[in-house]
1. Could you work out how much longer the chain between A48 and A74 gets when fully extended? Use 0.36 nm per residue separation minus the Cα distance between them, nm to one decimal.
2. Could you sort 92-99, 109-116, 196-203 so that the peptide with the highest average Cβ count within 10 Å comes first and the rest follow in order?
3. Tell me, in nm to one decimal, what length is gained between K198 and R27 on full extension, where the rule is 0.36 nm per residue of separation less the Cα-Cα distance?
4. Using mean Cβ contacts within 10 Å as the protection proxy, how do 183-189, 119-125 order, highest first?
5. How much area per residue is accessible in the stretch 81-140 when the probe is 1.4 Å and only protein heavy atoms are counted (Å²)?
6. Would you mind calculating the relative contact order of the stretch 76-126 from Cα pairs under 8 angstrom and at least 6 residues apart, reporting the percent as a whole number?
Amino acid sequence: MSTPSGNGHRPTVVLVDDHAMFRAGVRAEIGTGLDIVGEAASVAEAVATIRHTQPDVVLLDVHLPDGGGPAVVAAVLPELPATKFLALSVSDAAEDVIAVIRAGARGYVTKTISGADLTDAIRRVADGDVVFSPRLAGFVLDAFRDGGPDGGMPGGGQLTSTDPELDQLTPREQEVMRLLARGYSYREIGSELFISVKTVETHASNVLRKLQLSSRHQLTRWAADRRIV
């Protein structure tokens with residue numbers, strides 16, 4: 001059964017990718033900090049393996065010989081809602097990112113990620129956070145803004161301005177909040193919004209104070225719960 005990764009628990013992981021050499025490389029990079037409990041090279045194999053092992057996290061390629069990552073998520077998530085899915089792909093195409101997130105994945109990173117960062121991303125997803133490479137997160141936010149073309153985020157959530165907590169924030173603080181929740185650094189936020197790092201720090205402090213949160217990880221979870229990242 002899937003369990004939280006806190007309190008020293010090593011998250012269990014299933015690797016889904018059709019390239020055996022790539023799976024071997026990922027196993028070598030992350031195997032010391034995580035428990036790899038299964039591997040699969042196709043949609044059918046992945047569904048069977050995930051059902052059997054019930055891992056905390058599935059590390060999932062979006063393109064497979066007999067279908068795609070979204071098909072794996074759609075087949076398994078209703079049965080195993082505690083299992084989280086993190087897409088790991090060479091593709092950074094918006095349509096790939098959006099498709100797998102709509103299916104129910106909790107994050108998407110590209111194969112340029114380092115082993116240490118990938119291990120951290122898996123642990124964060126296991127703990128309930130959402131994780132995106134910064135540029136990819138922009139695709140998701142744009143796609144689901146105002147409900148998106150298919151009526152909203154997975155689970156039916158939409159970006160609105162009717163949340164009392166969100167309405168506490170000024171428009172600029174909301175911009176900073178979304179970038180913080182996506183994983184941008186203060187320097188990256190400053191460059192994106194054409195403001196100084198010190199100004200970003202001030203806005204970030206105001207955001208956390210107004211939302212009564214104590215860390216960026218809490219902010220990411222808060223934004224994910226409201227389907228705004």
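1. This chain segment gains 8.0 nm when fully extended.
2. By packing density, highest mean first, the sequence is 92-99, 196-203, 109-116.
3. 57.5 nm
4. Per-residue Cβ counts within 10 Å, averaged per peptide and sorted highest first, yield 119-125, 183-189.
5. On a per-residue basis, the stretch 81-140 sits at 34 Å².
6. For the stretch 76-126, the relative contact order is 42 percent.
The values are calculated or read from the model by the stated rules, or taken from the named source; none is laboratory data. The shown structure was predicted, so the numbers you read here are calculated from the model rather than taken from an experiment. With ideal geometry, Cβ positions are generated from the backbone for all residues, glycine too; neighbour counts draw on all protein chains shown. Remember, those area values only see protein heavy atoms, side chains included, never the ligands or the DNA or RNA. Shrake-Rupley method; radii C 1.70, N 1.55, O 1.52, S 1.80 Å.
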